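See structure below.
The values are calculated or read from the model by the stated rules, or taken from the named source; none is laboratory data. Keep in mind the model is a prediction, meaning the values are calculated, not measured. So basically every Cβ, Gly included, is an ideal-geometry build from the backbone, and we count neighbours across all protein chains shown.
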């Protein structure tokens, strides 16, 4: 499979809502849009998924600035240990 077809297949997987698939186009092409779009809903999921999403936001740094409000909300949830807030 050539690179363009692989990226297209990954983008289709992103639409299915998988964070690993959303990370792949960023790694291949530097395109953060699919990843940023998937991170926002992940930050509202259960603690494990929020933790993975928050770590990914941290890896993206300033490129994920638009997600700061969602990240703050995720870190202030009732199931977040007090020391992590």
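Some points to look at:
- Region 1-32 - residue that is buried (at least 19 other Cβ atoms within 10 Å of the Cβ) and over 19 Å from residue 70 (Cβ atoms) and, of those, modelled with the lowest pLDDT: 10
- Scanning region 33-59 for residues that are surrounded by fewer than 17 Cβ atoms within 10 Å (Cβ to Cβ) and either over 14 Å from residue 74 (Cβ atoms) or in contact with a strand residue (DSSP E or B) (Cβ under 6 Å, 6 or more places away or on another chain) (or both) yields 33, 37, 59.
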